[in-house]
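> My structure is below; once you've seen it, I'll send some questions.
Readers should treat all values here as calculations from the given coordinates under stated rules, not as data from a laboratory. If you're wondering where the values come from, they're calculated on a predicted model, not measured in any experiment. When we count neighbours, we look across all protein chains shown, and the Cβ atoms used for this are built from the backbone with ideal geometry, even at glycine.
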Amino acid sequence: MSRMIKGGLIQCHNPINDNETPVSEVKKAAFEAHIPFIEEAGEKGVQVLCLQEIFDGPYFCPSQDKRWYDSAESCPGPTVEALQPYAKKYGMVIVVPIYERAMAGVYYNTAAVIDADGSYLGKYRKNHIPQTSGFWEKYYFKPGNLGYPVFDTAHCKVGVYICYDRHFPEGARLLGLNGAEIVFNPSATVAGLSQYLWKLEQPAHAVANGYYMGCINRVGTEAPWNLGKFYGSSYFVNPRGEFIAEASEDDSELIVADMDLAMIDEVRNVWQFYRDRRPDSYENMVKQLP
């Protein structure tokens, strides 16, 4: 018996990219740029929607500039609260990636999950934090400390991975073991060394774990950092690793996909990866080996 779910992803240009505009105005402009797409999703009947990594601002990590600490906020906090009425209005689950301030000097790269009735369900904090030229994320974020939660929403069971997390199969497997039916990966990824991995790793996670994935990337370039071109190409992939919807490389847009969650059982009954796991042989994976 089919279990159809309509999912949506928003990739969006950041409207203000400079070091002069007050942070509060930068956040407001980015937030407002997303509202027409969120309303479009609701009008199209999207039941589960995900926004891009730290959607309400630029990807500021090419710099090490403390001014961006002022863009962090509590979670739940004002941005989540502003989106709760949209979730309730459209009966739509919304995954909201923000820059979280846990306390003075403690910040996380976080995604909040709002249920279809507008209630706040919880959050995921990005676990894997890169630190390399152009991606000085350890300057801004502590590694996540909430594990790999799965949120039992009104429409389906949702897991979240964020950007650099996607290079690590361990968390992707734990999301599956924790019951995720759809895993979202909001990202900020530029053309270059890892671009070919964009359409390789996440379909592989979907296949290895027998769930759907919704993968979101930014579009455009962001001055003054000029890290490179965010190449969009957001997509949905099914548990067979097949692409079922894909966005352009350049445009701000909403993409929508119909997903039959019954495929999860169908695929797992053929590929018995969960049955044939050998956790008794994986002890060394949790040791700090060279």
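> Among the listed residues Ala82, Ala41, Ala87, identify the single one that is among the aliphatic types (A, V, I, L, M) and loosely packed, with under 15 Cβ neighbours inside 10 Å.
Ala82
> Taking interchain pairs and intrachain pairs at least six residues apart, which have beta carbon atoms under 7 angstrom, with the first residue in region 132-158 and under 16 Å from Met213 (Cα atoms) and without any contact (Cβ under 8 Å) to a residue 40 or more places away in the chain and the second surrounded by 21 or more Cβ atoms within 10 Å (Cβ to Cβ) and charged (D, E, K, R)?
The qualifying pairs are Lys157/Glu181.
> If you scan region 132-166, which residues turn out to be in a loop (DSSP other than H, G, I, E, B), touching a Gly at 6+ places or on another chain (Cβ under 7 Å) and either aliphatic (A, V, I, L, M) or surrounded by 23 or more Cβ atoms within 10 Å (Cβ to Cβ) (or both)? Don't jump to the end; show me each part of the working.
Step one: filter region 132-166 for residues in a loop (DSSP other than H, G, I, E, B), giving 133-134, 140-149, 153-156, 161-162.
Within this subset, residues satisfying the condition of being touching a Gly at 6+ places or on another chain (Cβ under 7 Å) are 148-149, 161.
Passing the criteria: only Tyr161.
> For a quick check of your reading of the model, give me the residue pairs whose first member lies in region 27-38 and is over 18 Å from Phe60 (Cβ atoms), whose second is not in a helix (DSSP H, G or I), with beta-carbon atoms closer than 6 Å and at least 6 apart or on different chains.
Sorted first by the residue in region 27-38, then by its partner, the pairs are Phe37/Ile10; Phe37/Leu254.
> Follow-up question, since we're still on this one. Would it be correct to say that Gly171 is in contact (Cβ under 8 Å) with a residue 60 or more places away in the chain, part of a helix (DSSP H, G or I) and under 24 Å from Met263 (Cα atoms)?
Considered against the rule, which asks whether it is in contact (Cβ under 8 Å) with a residue 60 or more places away in the chain, part of a helix (DSSP H, G or I) and under 24 Å from Met263 (Cα atoms), Gly171 comes out as no.
> Considering region 19-67 alone, what residues qualify as being part of a helix (DSSP H, G or I), touching a Pro at 6+ places or on another chain (Cβ under 9 Å) and farther than 18 Å from Pro186 by Cβ?
Val26, Ala29, Glu32, listed by residue number.
> Being buried (at least 24 other Cβ atoms within 10 Å of the Cβ), within 30 Å of Asp260 (Cα to Cα), touching a residue at least 12 places away in the same chain (Cβ under 8 Å) and touching a helix residue (DSSP H, G or I) at 6+ places or on another chain (Cβ under 7 Å) is the requirement here; does Val46 meet it?
When the stated conditions are applied, Val46 does not pass them.
> Answer yes if at least one residue in region 108-125 is in contact with a Phe, Trp or Tyr (Cβ under 7 Å, 6 or more places away or on another chain) and not in a strand (DSSP E or B), and no otherwise.
No, region 108-125 contains no residue that is in contact with a Phe, Trp or Tyr (Cβ under 7 Å, 6 or more places away or on another chain) and not in a strand (DSSP E or B).
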